[in-house]
1. Quick one: Karplus J couplings for segment 96-106, per residue in order, coefficients 6.51, -1.76, 1.60, θ = phi - 60°, nearest Hz, x for Gly and Pro?
2. Too long at a 31 Å Cα-Cα cut-off: which of K105/K320; K49/K125; K125/K317; K317/K383; K49/K89; K100/K317?
Amino acid sequence: MTSIGGSASPGMVDWNLAVATATRLARPGPEVSREEARAVVTELRAHAKSSEEHVRAFTRMYGPGEPAEDGAADNGTPVLVVDRAGWIKANIAGFREILKPLLEKMAARRSVLPGGAVLSTVGGKVTGVEVGALLSFMSSRVLGQYETFAPATRDLPAGPATPGPGERRTGRLLLVAPNIVHVERELDVDPHDFRLWVCLHEETHRTQFTAVPWLRDHIEAEIQEFLAQTDIDPATLLERVRQAAQSVVGGSRPEEDGEGGEGRENLSMLEIVQTPAQREILARLTAVMSLLEGHADYVMDGVGPAVVPSVAEIREKFSKRRASGAGRLDQALRKLLGLDAKLRQYRDGERFVRAVVDEVGMDGFNRVWTSPNTLPTKAEIAKPADWIARVHRHGDA
């Protein structure tokens, strides 16, 4: 097996075992003929290309040096149509990159303990299996993703290098073909319309990061600060994860949680592993992720009527599907992983974007991309008028 990220040492997480576990446990995709599979891949690539022009014209977001009229030039980030195994490999590579500083600190701390080397080897394999199991669950549910953090590999290339010191590659757009086919069949919607609709959402994310050069580094800095504040005592970390698992097993039923429940039984794994400083960082990350997801939903529905004839039917059916779990186990896992919070991000973020655009127009909304200081706070996501007052009325005074 090829080593993910280059190192053969498993460390605190055996990443190669995570890939093997996730790939082994991932459910098979829908049955398609070889000819149908080729046609799906070709169509998704074509829709991703056409979506770029639609999204940029609607949002009026253009990258440095790109024309603001008559459509934008190709932004250079690759579009990769992948299967579930390809999505798993890309995301494990991304996790390995973003978690590297935290895992190195944990490994250094454990190495000075009696038997630390043995504990790291055994623990790395256990954690690798756990990470793989969680990603196998996710791999059948994600339709697409703009992948920002994973390094380029032979099988998964990234975009062109960014200029200046600290050269790094830009992201890549992943479209998970078997999942798109599965959902379009499950919803019984026009497959060509649905594929374009999905591409509009994912292309919006690619536009956000390519047109706003500071956004990737800002989010990465927030994540690294969050991780730096993590209590790295493995015993404490294990206990908090155990508490999160118990909250799923013994907590209230999902339909009884309510939208504002803040009790401990309602906390996800991410929310439990926190210090007070992390809660502040998480509030900022929640706000920016709500913005990004809500903006993508707003754009896909805004562009949709002009290019996706059955957009109203697709939105109605997809919203019902997204709001409901496939069963009690699915709902429990979504709760543990914090995916219910992600669903609220789509809804709350879209309301924020719609309210701001209705009040100050698209160009006025686009002030949100000026700098980290103009991003909405978590409170402003809930009260768009407060963001307008802070950024527009105070800024124009």
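1. Coupling constants for segment 96-106: 4, 5, 6, 8, 3, x, 5, 5, 5, 5, 5 Hz.
2. Going by Cα-Cα distance, K105/K320; K49/K125; K125/K317; K100/K317 fall outside the 31 Å limit.
Taken together, the values in this text are just the output of simple stated rules run on the coordinates, not laboratory data. Just so it is clear, the model here is predicted, and its values are computed rather than measured.
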